[in-house]
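Each remark here refers to the structure printed beneath this line.
The values are calculated or read from the model by the stated rules, or taken from the named source; none is laboratory data. Here the structure is a predicted model, which is why all the values come from computation and not from measurement. Here the Cβ is made from the backbone with ideal geometry for all residues, glycine too, and neighbour counts use every protein chain on show.
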Amino acid sequence: MSIRLAATVVVARPGPFPGGGVEVLALKRSAHSRFGPGFVVFPGGTVDQAIDEALAVAWFGSASQVGRACALRELAEETGLVATAGGIVVSQLRRADEPGLAPPDPARLPEIARWIAPEFLPVRFDARFYALAAEDWVEPVPDGVEAEAAWWTSPATLLHGAFDGDTLLMWPTLRMLEALDGCRSVAEVLELRVEQVAPPMSPAPPFARP
């Protein structure tokens, strides 16, 4: 079975919490989405080889940066937030390659995890997770197609919702949120390195603990 390449970006900003902590950008996938309808996820999607390789070469000088390019493209399309050399801006065009906007340095978009779906799943992804710092004031606008909602929230809030049965989380999202819940600052998010951990059973509930 072939594995599809994918990329995800964890966008984090300082949270309004005593003693530190962060908020992350969360999306709720549309009920009509082909993959994960109704699940809460980070921005991201499947690599479009032609488009994303061209963006990777234009932005970062190498097709090997296709994952980073995909993550930024999906962020723009799903939320209207565009990562630039000067920070994140809100764009009505929803284009990561909007004219006049220089791309960020790849060092500002570190890879923090890689998840390869287990063989028992009918659809398998090889997904790279990146991290990106955001300013306090930027607000996402969901595209209404892939994402029906987009908002800032704490990792703890999403975890509580999952264990209460109110929030659907895929296994990698759960594991990422557990790691993010321990971050006291955005700088710590950018320094995260989360190892892949297999689900506790095959197949596993999307929000089960190991």
Query raised in the report: Which of the residues belonging to region 111-134 are within 17 Å of the chain's Cα centre (by Cα), modelled with pLDDT under 95, under 14 Å from THR46 (Cβ atoms) and of a type in the set (A, V, I, L, M)?
Result: ALA117
Query raised in the report: Only one residue in SER64, SER91 is in contact with a strand residue (DSSP E or B) (Cβ under 9 Å, 6 or more places away or on another chain) and among the polar types (S, T, N, Q). Which one?
Result: SER91
Query raised in the report: Of the residues that make up region 71-87, is at least one touching a helix residue (DSSP H, G or I) at 6+ places or on another chain (Cβ under 9 Å), of a type outside the set (A, V, I, L, M) and either over 30 Å from GLU119 (Cβ atoms) or in contact (Cβ under 8 Å) with a residue 40 or more places away in the chain (or both)?
Result: no
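Are any residues in region 77-115 in a helix (DSSP H, G or I), touching a Leu at 6+ places or on another chain (Cβ under 8 Å) and of a type outside the set (Lys, Arg), and if so, which ones? Reasoning before the result, please.
Of the residues in region 77-115, the ones in a helix (DSSP H, G or I) are 77-79, 106-108.
If we keep only those that are touching a Leu at 6+ places or on another chain (Cβ under 8 Å) as well, we get 78-79, 108.
GLU78, THR79 - these are the residues of region 77-115 that are in a helix (DSSP H, G or I), touching a Leu at 6+ places or on another chain (Cβ under 8 Å) and of a type outside the set (Lys, Arg).
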Requested in this report: Give the residue that is surrounded by the fewest Cβ atoms within 10 Å (Cβ to Cβ), with candidates limited to residues of region 23-41 that are over 10 Å from GLU146 (Cβ atoms) and touching a Leu at 6+ places or on another chain (Cβ under 7 Å).
Outcome: GLY38
Requested in this report: Could you please give the count of residues in region 47-66 that are closer than 10 Å to PRO106 by Cβ and in contact (Cβ under 8 Å) with a residue 24 or more places away in the chain?
Outcome: 3
Requested in this report: Give region 1-49 a look and list any residue that's in contact with a strand residue (DSSP E or B) (Cβ under 9 Å, 6 or more places away or on another chain), among the small types (Gly, Ala, Ser) and in a loop (DSSP other than H, G, I, E, B), or say none.
Outcome: GLY15, GLY20, GLY21, SER30, ALA31, SER33, GLY36, GLY38
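From ALA147, ALA162, ALA96, ALA156, grab the single residue that is in contact with a Phe, Trp or Tyr (Cβ under 7 Å, 6 or more places away or on another chain) and of a type in the set (A, V, I, L, M).
Values: ALA147 fails: in contact with a Phe, Trp or Tyr (Cβ under 7 Å, 6 or more places away or on another chain); ALA96 fails: in contact with a Phe, Trp or Tyr (Cβ under 7 Å, 6 or more places away or on another chain); ALA156 fails: in contact with a Phe, Trp or Tyr (Cβ under 7 Å, 6 or more places away or on another chain).
Within the list ALA147, ALA162, ALA96, ALA156, the selection yields ALA162.
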Requested in this report: Within region 6-28, track down each residue that is within 14 Å of the chain's Cα centre (by Cα) and either farther than 22 Å from ARG68 by Cβ or aliphatic (A, V, I, L, M) (or both).
Outcome: ALA6, ALA7, VAL9, VAL10, VAL11, ALA12, GLU23, VAL24, LEU25, ALA26, LEU27, LYS28
Query raised in the report: With respect to the numbered conditions (1) over 18 Å from THR8 (Cα atoms); (2) hydrophobic (A, V, I, L, M, F, W, C); (3) surrounded by 14 or more Cβ atoms within 10 Å (Cβ to Cβ), which one is the sole condition not fulfilled by ALA147?
Result: (1)
Query raised in the report: So which residues in region 116-126 are outside any strand (DSSP E or B), surrounded by 12 or more Cβ atoms within 10 Å (Cβ to Cβ) and not aliphatic (A, V, I, L, M)?
Result: PRO118, ARG124
Requested in this report: For LEU177, work out the one condition from (1) crowded, with 20+ Cβ neighbours inside 10 Å; (2) assigned to a strand (DSSP E or B) it doesn't fulfil.
Outcome: (2)
